[in-house]
Every structure is written in structure tokens, then in C-alpha cells.
């Protein structure tokens with residue numbers, strides 16, 4: 001980035017505009033990275049807008065004697081602002097976790113009764129909701145998963161870090177190994193969705209195109225798989 005001192009409290013409007021234009025590509029880069037993990041109905045522009053809030057916070061709070069470069073510090077603030085906005089805008093993680101638990105319990109009950117993999121319609125019926133309401137629940141779980149999942153925290157390449165750093169690579173490899181282990185007991189289609197999503201970095205849209213399914217159906221399969229895994233983990237703990 002440029003060498004102009006953007007971080008002074010007495011900067012005028014033109015300097016602020018220059019600052020925003022200078023770091024606009026960084027905000028967009030981080031927003032695009034997070035957007036790839038979200039259902040398509042969440043607008044990129046909204047993520048970018050939240051990212052600019054983080055950028056301006058970084059401008060006000062950054063002290064160049066703390067060791068980290070401004071770009072690294074700003075990247076963390078930008079990402080944090082976007083995640084906070086996702087969390088606040090009716091996608092509360094507490095409600096999502098509750099719904100994930102309910103969905104997992106519904107899947108377990110159906111499986112125990114019929115010894116088969118339940119359909120979306122059967123899951124919705126067990127929950128006492130419509131298929132459309134079930135889809136909304138799945139979308140909520142998908143967003144919450146992005147807010148809370150370690151994937152974002154462990155992969156730091158999008159904030160300007162060195163993706164070849166041994167520690168980062170080790171964390172990524174460990175995460176992939178954990179995911180591979182918990183995929184073993186899933187139905188084949190859910191297993192494929194999670195493998196493409198987490199291990200191959202496909203978006204819901206790309207997975208849908210690959211499997212010739214709608215993005216909404218991929219979102220449902222993803223959330224059902226996550227709920228199923230949580231239910232199995234809870235069972236193992238008991």
C-alpha cells in the first residue's frame with residue numbers, strides 16, 4: 001500500500017477518501033473470501049459495507065509502534081467487523097445451534113424408527129415445519145457455521161499472511177484430517193457435499209452445478225450433515 005500517513009486524527013476529508021480508495025481492494029478481497037462460504041442470498045455489497053466499518057476502526061485505533069503492519073492489523077479488524085455483522089443480522093449463533101440440535105435430534109429419531117436416511121420432507125415433518133421453513137433453518141445454520149467454524153480462523157492466507165508458513169500449513173492439514181474422520185459415517189451425498197465444500201473449497205453454487213442440484217438443496221444437505229454429525233458426537237459423549 002502507499003506510504004501516505006493516513007492514520008492521523010486531523011486528516012481532512014480528501015485524505016480520508018484517498019485512504020478508503022487505497023484499501024478498498026483489501027476490504028473486497030476479505031469480503032469475497034467470506035462470501036464464498038455463505039449462501040448466495042447474502043449480498044457481497046453488505047459484507048463490503050461492514051468491512052469498511054472495520055477498516056475505519058482500524059484507522060482510528062492503529063498505532064504504528066505495535067509491531068504489526070497496518071495492512072495486517074486492518075485485515076483482522078475488517079474480518080471481525082464482517083463476522084460481527086453476520087452474527088447480529090438475525091443470524092444469532094445461539095438460535096442456530098439450537099436449530100442444529102433440533103434437526104440432529106429429528107434425523108436421529110427418523111433413523112431409529114426406520115433404519116434409513118431421512119429425506120428433507122421427512123425431517124421437516126418431524127420438526128413440524130414446512131420444507132421452506134426447513135430451508136431457511138438450513139441457511140441460518142450455514143451462516144452460523146461460517147461465523148463460528150475454525151476454517152476461517154485457521155486459514156489466515158486471506159489477511160496477507162504467508163500461506164507457506166509451516167504452522168499455518170500444519171493447522172490446515174490437521175483440520176482436513178479431522179474433517180475426513182468425521183465424514184466416514186455420513187450418507188454418500190452428504191459426504192460428497194462436505195468434501196467438496198471443506199476440502200476442495202467449492203461454493204454451494206459450484207457443488208450444485210457439479211451434482212446437478214439447486215444451491216438451496218446443497219445448502220440443505222450441508223446443514224443436515226452438520227446436524228447429523230453433531231447428533232452423533234452428542235450420542236458418543238453420553
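The values are calculated or read from the model by the stated rules, or taken from the named source; none is laboratory data. Values in this document were obtained by computation on a predicted structure and should not be read as measured data. Backbone-built Cβ (ideal geometry, glycine too); neighbour counts: all protein chains shown.
In this structure, is residue 7 modelled with pLDDT of 85 or more and either more than 30 Å from residue 194 (Cα to Cα) or in contact with a strand residue (DSSP E or B) (Cβ under 9 Å, 6 or more places away or on another chain) (or both)? So residue 7 fails the test. Checked against the criterion of being modelled with pLDDT under 85, not assigned by TED's automatic domain parsing to the domain that holds residue 125 and not in a helix (DSSP H, G or I), segment 69-85 has no qualifying residue.
Put simply, of 192, 196, 181 the only residue that is over 17 Å from residue 35 (Cα atoms), assigned to a helix (DSSP H, G or I) and modelled with pLDDT of 75 or more is 192.
Can you find, within segment 196-216, the residue that is surrounded by the most Cβ atoms within 10 Å (Cβ to Cβ) among those that are touching a residue at least 60 places away in the same chain (Cβ under 8 Å) and more than 19 Å from residue 144 (Cβ to Cβ)? Among them, the one singled out is 205. If you check 47, 55, 38 for being without any contact (Cβ under 8 Å) to a residue 60 or more places away in the chain, crowded, with 19+ Cβ neighbours inside 10 Å, closer than 30 Å to residue 223 by Cβ and outside the structural domain of residue 139 (by TED's automatic domain parsing), only one passes: 47.
Here residue 142 passes the criteria (1) under 30 Å from residue 29 (Cβ atoms); (2) not in a helix (DSSP H, G or I) except the one numbered (2).
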